[in-house]
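K.L.:
Pasting in a structure now, in structure tokens, and then I'll have a few things to ask.
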Amino acid sequence: MASIKDVAAEAGVSVATVSRVLNDHPSVSAEARARVQAAVEVLGYRRNAVARSLRTDQTHTLGLVISDVMNPYFTELARSVEEEARALGYSVIIGNADERPDLQDHHVRNLLDRRIDGLLVSPTDGGSPLMLDAARAGTPMVFVDRWIPGVEVPVVRADGLEAVRDLVAHLHGLGHRRLAIIAGPAATTTGQERVTAFRVALNAYGLDLPDVYIGQGDFQADSGRRVTEGFLDLPEPPEVVFATDNLMALGALDAIRARGLRVPEDIALAAFDDIPWFVHTDPPITAIAQPTGELGRAAVRALVDRIEGRTPRSVTLPARLVVRRSCGEPASPVPPTSPVPPTSPEAPASPQPPPAQSPAVRSPVRRSQS
């Protein structure tokens, strides 16, 4: 394998000049740069990333710990993270927590031992001492999608509050009054936030959310199936089941079909976290979509800013309602809408990202159809 000395000899320049060319230093003349690049091609020289990391104390590697690699939302998030990192000159090592706090901390510990330059995490719960210790130690870190209250690192997330309000208005306009929710884990910020937003939106229309219409899930399909079976066993089942993530929505759909019931004729179904599969179900599922690719790219940029000495900031992007046909929507392209509630509800007491961050970046909320 060719060494940097071999490249220098082939190009007729010093080793220092080769090093400057490889590191894009502007002080090298165009002629010398061309000779070095030609020598690199001829000899097939490849930089030794391990040796370079020992000299510079940087590995140009990021760690990403996601909550569940089987969840299409996190699969898309991981893909956008990898693409943006590669464009900025970084590699990514991915750890799958499988919604388990112990496995999450196992991956975080291993990634830190590998001397990664920075860490992206979608926390599985809000009580990881390891994450708090890493943040206090100055580890470059960004939370994406979820966050841990009290850990003051940048947070890149989607705000689903307006989209949940849009969903409830849409369901109310279709005549639905008994609405149930499959909640995510109460230990996660997204699990808390979506239930709170749903309750506040219902209250704006004078609708209650009784305890029997709140089912505790874990962001995985089996829990969506189990909770929906419980809803269907009630003396007065709900008219709508709102699953707060896509896998729980698919589990809910399985439970409904297993009873020989039809969506939306017998019971309506809506979901948080739109996925490409939802347009292929029968009927296509009405869902709240997050800007997943944008979130992944923004998270990488925030982390690289932190690594490279710039000031990162938290980013908040809007989710949006995507209307399809799983809630009894008419065939016409424009769905019915419900009148605006007579009074605006108070803002939900949902968890908020650490206040020490710079102001979030926001865009207008839009309702779209597909």
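The values are calculated or read from the model by the stated rules, or taken from the named source; none is laboratory data. What you are looking at is a predicted structure, and each value in this text was computed from that prediction instead of being measured. Here Cβ is always computed from backbone atoms with ideal geometry, including for glycine, and neighbour counts include all displayed protein chains. These area figures cover heavy atoms from the full protein model, side chains too; ligands, DNA and RNA do not enter into them. Shrake-Rupley method; radii C 1.70, N 1.55, O 1.52, S 1.80 Å.
K.L.:
Given the condition at pLDDT 95 or above and surrounded by fewer than 20 Cβ atoms within 10 Å (Cβ to Cβ), answer yes or no: does some residue in segment 352-362 qualify?
P.N.:
No: zero hits.
K.L.:
Would you point out the residue of segment 128-149, among those that are assigned to a loop (DSSP other than H, G, I, E, B) and in contact (Cβ under 8 Å) with a residue 60 or more places away in the chain, that is most open to solvent (accessible area, probe 1.4 Å)?
P.N.:
Residue satisfying both the conditions and the ranking: P149.
K.L.:
Quick test of your reading of the structure: T281 fulfils all but one of (1) at pLDDT 95 or above; (2) surrounded by fewer than 19 Cβ atoms within 10 Å (Cβ to Cβ); (3) not in a helix (DSSP H, G or I). Name the failing condition by number.
P.N.:
(1) is the only condition that T281 fails.
K.L.:
Would you please name the residue that is farthest from L250 (Cα to Cα), looking only at residues in segment 195-233 that are of a type in the set (D, E) and under 23 Å from the mean Cα position of the chain (by Cα)? Give the steps one after another, and end with the answer.
P.N.:
First, the residues of segment 195-233 that are of a type in the set (D, E): 208, 211, 218, 222, 229, 233.
Then keep just the ones that are under 23 Å from the mean Cα position of the chain (by Cα); that gives 218, 222.
Values: D218: 13, D222: 9 Å.
Once the filter is applied, the top-ranked residue is D218.
K.L.:
Quick check on my filter: what residues within segment 254-267 are open to solvent by 10 Å² or more (accessible area, probe 1.4 Å), out of contact with any helix residue (DSSP H, G or I) (no Cβ under 6 Å at 6 or more places or on another chain) and part of a helix (DSSP H, G or I)?
P.N.:
Passing the criteria: R257, A258.
K.L.:
Step by step: first the residues of segment 1-17, then only those that are assigned to a helix (DSSP H, G or I) and aliphatic (A, V, I, L, M), then the one that is surrounded by the most Cβ atoms within 10 Å (Cβ to Cβ). Which residue is that?
P.N.:
Going through segment 1-17, the residues assigned to a helix (DSSP H, G or I) turn out to be 4-11, 15-17.
Imposing the further condition that a residue be aliphatic (A, V, I, L, M) reduces the set to 4, 7-9, 11, 15-16.
Working: I4: 17, V7: 25, A8: 18, A9: 15, A11: 22, V15: 13, A16: 12.
Among them, the one singled out is V7.
K.L.:
Another one. Right, L317: under 23 Å from H170 (Cβ atoms) and either out of contact with any Lys or Arg (no Cβ under 9 Å at 6 or more places or on another chain) or crowded, with 24+ Cβ neighbours inside 10 Å (or both) or not?
P.N.:
Criteria not met by L317.
K.L.:
Are any residues in segment 257-288 within 24 Å of T190 (Cβ to Cβ) and free of Cβ contacts under 8 Å to residues at least 40 places away in the same chain, and if so, which ones?
P.N.:
Matches in segment 257-288: A271 only.
K.L.:
Of everything in segment 105-127 that's in contact (Cβ under 8 Å) with a residue 24 or more places away in the chain, open to solvent by 20 Å² or more (accessible area, probe 1.4 Å) and in a helix (DSSP H, G or I), which residue is nearest to T188 (Cα to Cα)?
P.N.:
D105
K.L.:
On the basis of being among the charged types (D, E, K, R), farther than 12 Å from S326 by Cβ, in contact with a strand residue (DSSP E or B) (Cβ under 8 Å, 6 or more places away or on another chain) and open to solvent by 10 Å² or more (accessible area, probe 1.4 Å), does E239 make the cut?
P.N.:
Yes: the conditions hold for E239.
K.L.:
Right, here's the next one. Can we say E229 is open to solvent by 10 Å² or more (accessible area, probe 1.4 Å), touching a residue at least 40 places away in the same chain (Cβ under 8 Å), among the charged types (D, E, K, R) and not in a strand (DSSP E or B)?
P.N.:
Here the answer is no, as E229 does not meet what is asked.
K.L.:
Just the residues that are more than 19 Å from G89 (Cα to Cα) and either in contact with a helix residue (DSSP H, G or I) (Cβ under 6 Å, 6 or more places away or on another chain) or outside any helix (DSSP H, G or I) (or both), please, taken from segment 18-31.
P.N.:
Step one: filter segment 18-31 for residues more than 19 Å from G89 (Cα to Cα), giving 18, 27-31.
Residues satisfying the conditions are V18, S27, V28, S29.
K.L.:
With (1) in contact (Cβ under 8 Å) with a residue 40 or more places away in the chain; (2) closer than 30 Å to V315 by Cα as the list, and L202 as the residue in question, which single condition is left unmet?
P.N.:
Going through (1) in contact (Cβ under 8 Å) with a residue 40 or more places away in the chain; (2) closer than 30 Å to V315 by Cα one by one, L202 breaks only (1).
K.L.:
When you scan segment 150-183, how many residues do you find that are under 17 Å from the mean Cα position of the chain (by Cα) and either assigned to a loop (DSSP other than H, G, I, E, B) or among the charged types (D, E, K, R) (or both)?
P.N.:
5
K.L.:
Here's a follow-up. Which of the residues that make up segment 232-253 are of a type in the set (D, E, K, R) and farther than 20 Å from N71 by Cα?
P.N.:
The answer is D233, E236, E239.
K.L.:
Let me ask something else about it. If only one of V156, V168 is hydrophobic (A, V, I, L, M, F, W, C), touching a Phe, Trp or Tyr at 6+ places or on another chain (Cβ under 9 Å), over 28 Å from D305 (Cβ atoms) and crowded, with 24+ Cβ neighbours inside 10 Å, which one is it?
P.N.:
Among V156, V168, only V168 is hydrophobic (A, V, I, L, M, F, W, C), touching a Phe, Trp or Tyr at 6+ places or on another chain (Cβ under 9 Å), over 28 Å from D305 (Cβ atoms) and crowded, with 24+ Cβ neighbours inside 10 Å.
K.L.:
Would you point out the residue of segment 186-221, among those that are part of a helix (DSSP H, G or I) and of a type in the set (V, I, T), that is surrounded by the fewest Cβ atoms within 10 Å (Cβ to Cβ)?
P.N.:
Once the filter is applied, the top-ranked residue is V212.
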